[in-house]
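Accompanying notes for the structure given below.
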Amino acid sequence: MSDAQIRLSFFATILAIMTLWELIAPRRALTQSKLRRWGANLSLVVLDTLAVRFLVPITAIAVGAHTEAHGIGLLNQFQLSDGARLILTIAALDLIVYLHHLMFHAVPLLWRFHRVHHADRDIDVTTGVRFHPIEIVISLGIKIAAIYVVGANPWAILIFEIILNSTAMFNHSNVRIPVTIDRVLRLLVVTPDMHRVHHSIVEIETDSNFGFNFPWWDRIFGTYQAQPKEGHLKMTIGLRYFQEAPIAKMGWILLSPFYAVKRSLFRG
Ligand SMILES: [Zn+2]
Ligand SMILES: [Zn+2]
(Lines give C-alpha, C1' and ligand atoms only; values in the text may rest on other atoms or scores of the structure.)
(Ligands and ions follow the chains in the order given, each with its own letter.)
Protein backbone atom coordinates (compact mmCIF):
# COMPACT_ATOMS: atom_id res chain seq x y z
CA MET A 1 0.00 0.00 0.00
CA SER A 2 1.36 3.43 -0.90
CA ASP A 3 1.22 6.28 1.62
CA ALA A 4 -1.49 7.95 -0.51
CA GLN A 5 -3.63 4.79 -0.31
CA ILE A 6 -3.13 4.54 3.47
CA ARG A 7 -4.17 8.18 3.91
CA LEU A 8 -7.18 7.77 1.62
CA SER A 9 -8.34 4.70 3.58
CA PHE A 10 -8.17 6.63 6.88
CA PHE A 11 -9.90 9.64 5.29
CA ALA A 12 -12.77 7.51 3.96
CA THR A 13 -13.14 5.59 7.24
CA ILE A 14 -13.19 8.68 9.49
CA LEU A 15 -15.53 10.48 7.05
CA ALA A 16 -17.94 7.51 7.19
CA ILE A 17 -17.81 7.29 11.01
CA MET A 18 -18.34 11.04 11.54
CA THR A 19 -21.11 11.19 8.91
CA LEU A 20 -22.96 8.44 10.72
CA TRP A 21 -22.36 10.05 14.12
CA GLU A 22 -23.68 13.39 12.79
CA LEU A 23 -26.85 11.65 11.63
CA ILE A 24 -27.37 9.82 14.92
CA ALA A 25 -26.49 12.64 17.34
CA PRO A 26 -26.30 16.08 15.66
CA ARG A 27 -25.22 19.06 17.80
CA ARG A 28 -26.92 21.86 15.83
CA ALA A 29 -29.61 22.04 13.17
CA LEU A 30 -27.98 22.87 9.82
CA THR A 31 -29.02 26.16 8.20
CA GLN A 32 -27.83 25.51 4.61
CA SER A 33 -28.51 22.83 2.02
CA LYS A 34 -26.31 19.93 3.08
CA LEU A 35 -26.19 18.51 -0.45
CA ARG A 36 -24.80 21.77 -1.90
CA ARG A 37 -22.30 22.33 0.90
CA TRP A 38 -21.06 18.76 0.81
CA GLY A 39 -20.80 18.90 -2.98
CA ALA A 40 -18.65 22.05 -2.76
CA ASN A 41 -16.54 21.00 0.22
CA LEU A 42 -15.79 17.53 -1.16
CA SER A 43 -15.09 18.94 -4.64
CA LEU A 44 -12.49 21.15 -2.96
CA VAL A 45 -10.75 18.02 -1.60
CA VAL A 46 -10.43 16.68 -5.15
CA LEU A 47 -9.18 20.07 -6.45
CA ASP A 48 -6.72 20.40 -3.55
CA THR A 49 -5.34 16.92 -4.21
CA LEU A 50 -4.87 17.74 -7.90
CA ALA A 51 -3.29 21.13 -7.12
CA VAL A 52 -0.72 19.51 -4.82
CA ARG A 53 -0.03 16.75 -7.32
CA PHE A 54 0.58 19.10 -10.24
CA LEU A 55 2.04 22.18 -8.56
CA VAL A 56 4.32 20.67 -5.92
CA PRO A 57 7.01 18.38 -7.37
CA ILE A 58 7.81 16.67 -4.07
CA THR A 59 5.84 15.03 -1.24
CA ALA A 60 6.30 15.65 2.47
CA ILE A 61 7.20 11.97 2.90
CA ALA A 62 10.00 12.26 0.29
CA VAL A 63 11.35 15.34 2.08
CA GLY A 64 11.32 13.32 5.33
CA ALA A 65 13.32 10.55 3.65
CA HIS A 66 15.84 13.15 2.43
CA THR A 67 16.33 14.70 5.90
CA GLU A 68 16.74 11.21 7.41
CA ALA A 69 19.30 10.09 4.81
CA HIS A 70 21.39 13.25 5.20
CA GLY A 71 21.01 13.79 8.96
CA ILE A 72 19.28 17.16 8.45
CA GLY A 73 17.13 18.79 11.15
CA LEU A 74 16.94 18.98 14.92
CA LEU A 75 15.77 15.45 15.79
CA ASN A 76 18.34 13.82 13.49
CA GLN A 77 21.11 15.28 15.68
CA PHE A 78 20.18 12.97 18.58
CA GLN A 79 20.08 9.23 19.21
CA LEU A 80 16.39 8.72 20.00
CA SER A 81 14.18 5.68 20.41
CA ASP A 82 11.42 5.34 17.79
CA GLY A 83 8.76 6.15 20.42
CA ALA A 84 10.51 9.33 21.60
CA ARG A 85 11.13 10.40 18.01
CA LEU A 86 7.46 9.93 17.14
CA ILE A 87 6.18 11.87 20.17
CA LEU A 88 8.62 14.74 19.60
CA THR A 89 7.81 14.87 15.87
CA ILE A 90 4.07 14.98 16.51
CA ALA A 91 4.43 17.66 19.21
CA ALA A 92 6.77 19.81 17.10
CA LEU A 93 4.74 19.56 13.89
CA ASP A 94 1.52 20.23 15.79
CA LEU A 95 3.00 23.40 17.34
CA ILE A 96 4.04 24.50 13.83
CA VAL A 97 0.50 23.81 12.51
CA TYR A 98 -0.88 25.97 15.35
CA LEU A 99 1.51 28.86 14.54
CA HIS A 100 0.84 28.43 10.84
CA HIS A 101 -2.94 28.68 11.45
CA LEU A 102 -2.38 31.80 13.57
CA MET A 103 -0.34 33.32 10.73
CA PHE A 104 -3.14 32.65 8.21
CA HIS A 105 -5.40 34.75 10.44
CA ALA A 106 -2.89 37.51 11.15
CA VAL A 107 -1.46 38.17 7.67
CA PRO A 108 -4.13 39.86 5.50
CA LEU A 109 -2.99 38.24 2.24
CA LEU A 110 -3.04 34.74 3.79
CA TRP A 111 -6.38 35.42 5.49
CA ARG A 112 -7.93 35.98 2.04
CA PHE A 113 -7.33 32.29 1.26
CA HIS A 114 -8.04 30.93 4.74
CA ARG A 115 -11.39 32.74 4.95
CA VAL A 116 -12.77 30.18 2.45
CA HIS A 117 -12.63 27.73 5.37
CA HIS A 118 -14.45 30.20 7.64
CA ALA A 119 -17.03 31.26 5.05
CA ASP A 120 -18.90 27.94 5.52
CA ARG A 121 -22.16 28.88 7.24
CA ASP A 122 -22.62 25.48 8.85
CA ILE A 123 -19.86 23.50 10.44
CA ASP A 124 -19.70 19.76 10.00
CA VAL A 125 -17.21 17.04 9.05
CA THR A 126 -16.77 18.42 5.50
CA THR A 127 -15.81 21.89 6.81
CA GLY A 128 -12.67 20.15 8.08
CA VAL A 129 -11.50 19.62 4.50
CA ARG A 130 -12.78 22.92 3.05
CA PHE A 131 -9.64 24.82 2.06
CA HIS A 132 -8.76 26.94 -0.96
CA PRO A 133 -6.20 25.11 -3.21
CA ILE A 134 -3.78 28.04 -2.89
CA GLU A 135 -3.90 27.74 0.92
CA ILE A 136 -3.15 24.02 0.59
CA VAL A 137 -0.16 24.63 -1.69
CA ILE A 138 1.24 27.40 0.58
CA SER A 139 0.69 25.11 3.60
CA LEU A 140 2.62 22.30 1.96
CA GLY A 141 5.54 24.69 1.37
CA ILE A 142 5.50 25.61 5.07
CA LYS A 143 5.22 21.94 6.02
CA ILE A 144 8.27 21.03 3.90
CA ALA A 145 10.30 23.79 5.59
CA ALA A 146 9.08 22.52 8.99
CA ILE A 147 10.14 18.95 8.18
CA TYR A 148 13.65 20.21 7.37
CA VAL A 149 13.89 22.16 10.62
CA VAL A 150 12.42 19.40 12.82
CA GLY A 151 14.16 16.52 11.03
CA ALA A 152 10.98 14.45 10.84
CA ASN A 153 11.25 10.89 9.53
CA PRO A 154 8.91 9.66 6.75
CA TRP A 155 6.91 7.22 8.90
CA ALA A 156 6.48 9.85 11.66
CA ILE A 157 5.23 12.35 9.04
CA LEU A 158 2.74 9.80 7.70
CA ILE A 159 1.41 9.07 11.22
CA PHE A 160 1.20 12.81 12.00
CA GLU A 161 -0.69 13.53 8.76
CA ILE A 162 -3.18 10.72 9.41
CA ILE A 163 -3.75 11.98 12.99
CA LEU A 164 -4.11 15.61 11.82
CA ASN A 165 -6.54 14.72 9.05
CA SER A 166 -8.60 12.54 11.40
CA THR A 167 -8.72 15.08 14.25
CA ALA A 168 -9.62 17.88 11.78
CA MET A 169 -12.63 15.86 10.59
CA PHE A 170 -13.54 14.96 14.18
CA ASN A 171 -13.32 18.48 15.60
CA HIS A 172 -15.30 20.06 12.75
CA SER A 173 -18.08 17.50 12.97
CA ASN A 174 -21.56 18.43 14.06
CA VAL A 175 -21.75 15.82 16.81
CA ARG A 176 -23.22 16.01 20.28
CA ILE A 177 -20.82 14.97 23.02
CA PRO A 178 -22.04 15.27 26.64
CA VAL A 179 -20.54 18.35 28.33
CA THR A 180 -18.93 16.26 31.09
CA ILE A 181 -17.13 14.07 28.54
CA ASP A 182 -16.17 17.10 26.44
CA ARG A 183 -14.57 18.72 29.51
CA VAL A 184 -12.25 15.73 30.03
CA LEU A 185 -11.67 15.07 26.32
CA ARG A 186 -10.56 18.63 25.59
CA LEU A 187 -7.68 18.28 28.02
CA LEU A 188 -6.14 15.90 25.46
CA VAL A 189 -7.59 16.73 22.07
CA VAL A 190 -9.45 19.60 20.36
CA THR A 191 -13.15 18.70 20.58
CA PRO A 192 -15.96 19.79 18.21
CA ASP A 193 -17.31 22.22 20.85
CA MET A 194 -13.84 23.75 21.26
CA HIS A 195 -13.20 24.21 17.54
CA ARG A 196 -16.74 25.46 16.81
CA VAL A 197 -15.85 28.62 18.75
CA HIS A 198 -13.23 29.27 16.03
CA HIS A 199 -16.02 29.33 13.41
CA SER A 200 -18.10 31.92 15.25
CA ILE A 201 -19.12 35.09 13.41
CA VAL A 202 -17.82 37.08 16.42
CA GLU A 203 -14.28 38.10 15.41
CA ILE A 204 -12.68 37.70 18.82
CA GLU A 205 -13.95 34.12 18.81
CA THR A 206 -12.79 33.52 15.21
CA ASP A 207 -9.35 34.59 16.40
CA SER A 208 -9.20 31.95 19.15
CA ASN A 209 -8.83 28.15 19.43
CA PHE A 210 -6.37 27.75 16.55
CA GLY A 211 -5.29 24.22 17.54
CA PHE A 212 -6.24 21.20 15.41
CA ASN A 213 -4.81 18.25 17.37
CA PHE A 214 -3.74 19.24 20.84
CA PRO A 215 -5.61 21.90 22.84
CA TRP A 216 -2.50 22.92 24.82
CA TRP A 217 -1.02 25.53 22.47
CA ASP A 218 -4.12 27.73 22.77
CA ARG A 219 -3.95 27.51 26.55
CA ILE A 220 -0.18 28.20 26.61
CA PHE A 221 -0.28 31.15 24.21
CA GLY A 222 -3.50 32.70 25.55
CA THR A 223 -5.74 32.12 22.53
CA TYR A 224 -8.09 29.71 24.31
CA GLN A 225 -11.81 30.51 24.48
CA ALA A 226 -13.79 27.81 26.30
CA GLN A 227 -17.28 28.45 24.86
CA PRO A 228 -18.99 30.85 22.43
CA LYS A 229 -20.71 33.79 24.17
CA GLU A 230 -24.02 33.05 22.44
CA GLY A 231 -23.88 29.33 23.26
CA HIS A 232 -23.40 26.49 20.78
CA LEU A 233 -27.01 26.35 19.63
CA LYS A 234 -27.54 30.10 19.18
CA MET A 235 -24.15 31.18 17.83
CA THR A 236 -23.89 32.17 14.15
CA ILE A 237 -21.31 30.31 12.05
CA GLY A 238 -19.29 31.97 9.31
CA LEU A 239 -18.06 35.46 8.54
CA ARG A 240 -20.08 38.61 9.07
CA TYR A 241 -19.36 39.92 5.58
CA PHE A 242 -20.12 36.62 3.82
CA GLN A 243 -23.51 35.90 5.39
CA GLU A 244 -25.30 36.49 2.08
CA ALA A 245 -22.55 35.02 -0.13
CA PRO A 246 -23.09 31.85 -2.23
CA ILE A 247 -20.60 29.94 -0.10
CA ALA A 248 -21.39 26.57 -1.73
CA LYS A 249 -20.69 27.69 -5.32
CA MET A 250 -17.30 26.60 -6.63
CA GLY A 251 -16.82 29.74 -8.72
CA TRP A 252 -17.42 31.92 -5.68
CA ILE A 253 -15.17 29.78 -3.47
CA LEU A 254 -12.23 29.89 -5.88
CA LEU A 255 -12.51 33.63 -6.60
CA SER A 256 -13.47 34.83 -3.12
CA PRO A 257 -9.85 35.49 -2.01
CA PHE A 258 -9.79 38.26 -4.59
CA TYR A 259 -12.86 40.09 -3.24
CA ALA A 260 -12.08 43.11 -1.11
CA VAL A 261 -13.61 43.13 2.37
CA LYS A 262 -12.59 45.04 5.47
CA ARG A 263 -11.68 43.17 8.59
CA SER A 264 -9.92 44.31 11.70
CA LEU A 265 -7.54 41.71 13.13
CA PHE A 266 -7.22 40.58 16.72
CA ARG A 267 -9.46 43.31 18.02
CA GLY A 268 -11.05 43.24 21.40
ZN1 LIG B 1 -8.97 29.57 11.07
ZN1 LIG C 1 -11.92 25.05 11.25
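The values are calculated or read from the model by the stated rules, or taken from the named source; none is laboratory data. Keep in mind that this is a model prediction, so the values were computed, not measured. When we count neighbours, we look across all protein chains shown, and the Cβ atoms used for this are built from the backbone with ideal geometry, even at glycine. SASA here: full protein model, heavy atoms, side chains in, ligands and nucleic acids out. Shrake-Rupley method; radii C 1.70, N 1.55, O 1.52, S 1.80 Å.
A few notes on this one:
- Residues in segment 126-144 that are over 14 Å from Pro257 (Cβ atoms) and more than 14 Å from ligand 2 (Cβ to nearest atom): Leu140, Gly141, Ile142, Lys143, Ile144.
- Considering (1) outside any loop (DSSP other than H, G, I, E, B); (2) within 16 Å of ligand 2 (Cβ to nearest atom); (3) not aromatic (Phe, Trp, Tyr), the lone condition that Gly251 does not fulfil carries the number (2).
- Breaking point among (1) surrounded by 14 or more Cβ atoms within 10 Å (Cβ to Cβ); (2) at pLDDT 95 or above; (3) more than 30 Å from Arg176 (Cβ to Cβ), for Leu44: (3)
- Only listed residue being touching a residue at least 60 places away in the same chain (Cβ under 8 Å) and within 21 Å of Ser9 (Cβ to Cβ), chosen from Ile144, Ile134, Ile123, Ile157: Ile157
- Checked against (1) farther than 20 Å from Leu188 by Cα; (2) surrounded by 18 or more Cβ atoms within 10 Å (Cβ to Cβ); (3) modelled with pLDDT of 95 or more, Glu68 meets all criteria but (3).
- Candidate set: segment 173-216, residues that are among the aromatic types (Phe, Trp, Tyr) and under 24 Å from Arg37 (Cα atoms); chosen: the one farthest from ligand 1 (Cβ to nearest atom): Phe212
- Single residue of segment 101-136 satisfying the filter (of a type in the set (Val, Ile, Thr) and part of a loop (DSSP other than H, G, I, E, B)) that is modelled with the highest pLDDT: Ile123
- Val149 vs. criteria surrounded by fewer than 19 Cβ atoms within 10 Å (Cβ to Cβ) and either in contact with a Cys (Cβ under 7 Å, 6 or more places away or on another chain) or touching a residue at least 60 places away in the same chain (Cβ under 8 Å) (or both): yes
- Residue pairs meeting the criteria (Cβ under 6 Å; at least 6 apart or on separate chains; first within 20 Å of Val149 (Cβ to Cβ), in segment 41-68; second open to solvent by less than 50 Å² (accessible area, probe 1.4 Å) and in a loop (DSSP other than H, G, I, E, B)): Gly64/Ala152; Gly64/Asn153; Thr67/Gly73; Thr67/Gly151; Glu68/Asn153
- Total residues in segment 171-185, condition surrounded by fewer than 21 Cβ atoms within 10 Å (Cβ to Cβ) and either outside any helix (DSSP H, G or I) or within 14 Å of the chain's Cα centre (by Cα) (or both): 3
- Odd one out for Glu230, checked against (1) touching a strand residue (DSSP E or B) at 6+ places or on another chain (Cβ under 8 Å); (2) under 30 Å from Gln77 (Cα atoms); (3) of a type in the set (Asp, Glu): (2)
- Picking from residues in segment 71-85 that are part of a helix (DSSP H, G or I) and touching a residue at least 40 places away in the same chain (Cβ under 8 Å), the one that is nearest to Phe160 (Cα to Cα) is Arg85.
- Every residue from segment 217-259 that is open to solvent by 90 Å² or more (accessible area, probe 1.4 Å) and either farther than 30 Å from Arg186 by Cα or within 16 Å of ligand 1 (Cβ to nearest atom) (or both): Phe221, Arg240, Glu244, Lys249, Leu255, Phe258
- Selection of segment 145-199 for residues being within 16 Å of ligand 2 (Cβ to nearest atom) and either among the basic types (Lys, Arg) or in contact with a strand residue (DSSP E or B) (Cβ under 6 Å, 6 or more places away or on another chain) (or both) yields Asn174, Arg186, Pro192, Arg196, His199.
- Selection within segment 200-210: residues that are open to solvent by 10 Å² or more (accessible area, probe 1.4 Å) and either touching a Phe, Trp or Tyr at 6+ places or on another chain (Cβ under 9 Å) or within 12 Å of ligand 2 (Cβ to nearest atom) (or both). The member of this set that is nearest to Ala62 (Cα to Cα) is Asp207.
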